[in-house]
Structure formats: structure tokens, C-alpha cells
Amino acid sequence: MTARAHYRTFPYDGQDEHVLCLGEGSARRILIVPPLFDEMNRMRRTLVQAMRVLAGHGVTAMLIDLPGTNESLAPLEAQSLAIWRTAIGSAAESLAASHVASLRGGALIDDGAAGLPHWRLAPAKGGVLLKTLLRTRITGDREAGRAVSEAELRAAASAGPIELAGNRLGPAMVADLADAVPAKLANCAERRLGEDVAGAPLWLRAEPGDDAAMAEAIAEDLDRWSAACDG
Amino acid sequence: MPFVPDSVETVLRDLLVDVLGVAPATVAAMTDDTPLFGALPELDSMAVAGLLTEMEDRLEIIIDDDDIDGDLFETFGSLVAFAKAKVDG
């Protein structure tokens, strides 16, 4: 029987933010911190497939919508990595998470729930993510006949929100991204794509895709890891 | 210097598979003369952004806006030559 998805919410800054949940098990409740911005869109389908497989193994998986993303009523331009870190802490507590799993840029904010065991797949540096976002904007502008330099964009970003790859980012977010690296955590399993977990870096592609084998690989690894954590 | 010149080409082949999702067999068959931008449907202007950033990350180089002109992605050979020059430079 395929597990049915259900929504919960967690409170943050006066809003009820969405959480997509799969699975009914209470022993292992994994909070999933998705990749950021456009990478999240590209990975979402495969990530939810992985959650379905996990649910079949009796694990509860909870994929949060960060404030300002998807259907959140909070404005994206008011967010920053610091704010998102706090939101993760709120979510972990409110959802009674036992483990935290993050992908790509999710690793830049997962220390918001520092006390729990962590798992990271292909952690990304904020500067690298920002660079790609800036380049996407520059390339798009060039196609439209507007020449803008990276320096001009960075200067504009410090003065007010700018649109990058369809995301309206405020000065605090851009500044946070520029310097952010995944925090060093005491209990953290790091996974490299292609080595520890089989699959393709779907988050790099220009179009969203899905990869059933990768979903299985992610689920199997999370299942093994979370079971071992409990000792 | 972290990279031996021969392996720059291997990194780029891996990148075309990873970032553009081009079939491994297609990439393995590429020679210096194989046309890229305009000939490879997976390489459109939006894909360029991701490709450039991954090149920087994997080859440990910096690519400036000024470095990027129409010829860079003209052929597989032009891309490899550019990357090797950056790694050596």
C-alpha cells in the first residue's frame, strides 16, 4: 500500500508553515531540509518519492516549506539564512523530529536543530549557490538585450531586494549566502552523490526531472543511517 | 597545482553528463571538433550558468564575466582549451 501524504504545519513568526509528511512511524521522525530556491524545485519530486519509500519502511519523513517558499504567506524577500536556521529549530521542536536530513543548501541552515543526529547529501557552499543565481540572472538579461555585470547586481542586492532565477532575495539573504558554509556538527553523516548514494545531480539541471533509482538510494541510505543512530 | 592537464578533459566530460544530463555515451564520443552551444539541445543559455559554476568548483578556477564569449562553448575542444588555460594560468 502506498503511503498517503498529509500536511501538518509548524508555527513560525506568526505563520503556520507547511510540512509535507509521509509515514506513520513514531520512533524515527526525520525532518527533511530541502535544497534552496530553484534547486528545491528540481529535486522535490525525487525527494518526495524517497519519502514514500521511507514511509514503507516505517519511517516518518517530514519535508518542510521554508518561510517565504512555495505557498508560505511570508515574503521571501524578508528571509535570510539566519531566519531560516531559527525556523528549522522551531520546526524540529514542533514536529518532534528525531533526525535531520538535508540536501545541498539545506546544509547551510540545518544547524538550527543542532542537537539531533544529522545527515547531509552533497552539502553546498552558499557562495557557490549565489554565484549560479547571479549568473542565471546575467544570462537571462543578456538574452533580453540588457547587459548587467555581477558587480552591479551585488551592489543592487545590498540596497534592496533583487530577483535572481525567479526568486526575490533581500539584502540579508544575499549577504548570508555569500559567506555561508555548512556548520561543523558533532553528529553528522556526510554523503557524496555518486559515491555514497547513487544518482545524478538533478539540482544542477536546467529542467526538473525525477530519478526513481536515486529516490530509492536516498531512502535506503536514510533508513540504514537513522536505524543505526538509534543504536 | 591540484590537476594534471589530462584530467581536466575528464572533469569536463563528467560535467556535461552531470550538469546537462547528456547521455554518457554521447559525451564519451565527443572530440575536439564536436559542436556544443547551438548543437546540443541540453546546453541552452540557462544551463550555462550551472555549468560555469560547477567548472569553477571542480577545477578550482575563477571564471570572470569577461572570459565568457560566444566561442567558449563553440566546441568541446574550445571548452577544454579554455579550462586548461585557466587551470595552468
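Bear in mind these aren't lab numbers, they're just calculated from the coordinates by the rules spelled out. Keep in mind that this is a model prediction, so the values were computed, not measured. FYI the Cβ positions are ideal-geometry reconstructions off the backbone, even for glycines, and counts take in every protein chain you see.
Note that segment A:1-112 carries a Kirkwood radius of 13.9 Å, evaluated over its alpha carbons pair by pair. Filter the GluC sites (Glu not before Pro) in segment A:128-224 down to the DSSP loop ones having no more than 15 other Cβ atoms within 10 Å, then list what survives. Hits after loop and neighbour filter: A:Glu195. Put a plus charge on the Cβ of each Lys and Arg, a minus charge on the Cβ of each Asp and Glu, and nothing anywhere else: the dipole of segment A:99-231 about its Cα centre is then about 580 debye. In chain A, the calculated helix contribution to ellipticity at 222 nm averages -12500 deg cm²/dmol per residue, counting -39,500 (n - 2.57) for every DSSP H run with n ≥ 4. Among A:Ile32, A:Ile138, the ranking by other beta carbons within 10 Å of each residue's beta carbon, starting with the fewest, stands as A:Ile138, A:Ile32. Ranking B:Leu52, A:Leu202, A:Met43 by Cα position along the charge dipole of the protein assembly as shown, where only Lys, Arg, Asp and Glu carry charges on their C-beta atoms, puts A:Met43 farthest toward the positive end.
Residues B:Phe37, B:Phe82 in ascending order of nearby Cβ atoms (within 10 Å, fewest first): B:Phe37, B:Phe82.
Maximal additional length on extending the A:Ser94-A:Asp196 stretch stands at 33.6 nm, based on 0.36 nm per residue less the C-alpha distance.
If a/c stays under 1.5 just call it rounded; otherwise compare a/b with b/c (prolate if a/b is bigger, oblate if not). Do that for segment A:7-49, with a ≥ b ≥ c from the square roots of the Cα gyration tensor eigenvalues. Verdict is oblate for segment A:7-49.
Averaging over all projection directions, the Cα-based convex hull of segment A:112-158 occupies 4.9 nm² in the image plane.
Between A:Arg4 and A:Glu71, the C-beta separation translates, for a Förster distance of 25 Å, into a calculated FRET efficiency of about 0.80.
Run a plain Debye calculation on segment B:1-75 (Cα atoms as equal point scatterers, no solvent) and give log10 I(q)/I(0) at q = 0.27 Å⁻¹, rounded to two decimals, same order as the q list. Each listed q corresponds, in turn, to -1.62. Distance between the C-alpha centres of segment B:19-39 and segment A:1-79: 36 Å, rounded to the whole angstrom.
The amide H of A:Leu103, built 1.01 Å from its N in the peptide plane, has A:Val33, A:Leu121 as neighbours under 5 Å, considering only residues 5 or more places off or on other chains. In plain terms, the C-alpha convex hull of chain A casts an average shadow of 12.4 nm² when viewed from every direction.
For chain B, the 222 nm mean residue ellipticity estimated from helices alone, with every DSSP H stretch of n ≥ 4 adding -39500 (n - 2.57) and the total spread over all residues, rounds to -17000 deg cm²/dmol. When only the Cβ of Lys, Arg, Asp and Glu is charged (+1, +1, -1, -1), the dipole of segment A:1-159 relative to its Cα centre reaches about 580 debye. Based on C-alpha pairs under 8 angstrom that are at least 6 apart in sequence, chain A has a relative contact order of 23 percent. With neighbour counts taken as other beta-carbon atoms within 10 Å, the residues A:Cys21, A:Cys229, A:Cys188 rank, fewest first, as A:Cys229, A:Cys188, A:Cys21. Counting only DSSP beta bridges with both residues in segment A:1-124, the antiparallel share comes to about 50 percent. Mean projected area of the Cα convex hull of segment A:104-231, taken over all directions, amounts to 9.2 nm².
In a DSSP loop and with at most 15 other Cβ atoms within 10 Å, the GluC sites (Glu not before Pro) in segment A:1-88 are A:Glu24, A:Glu71.
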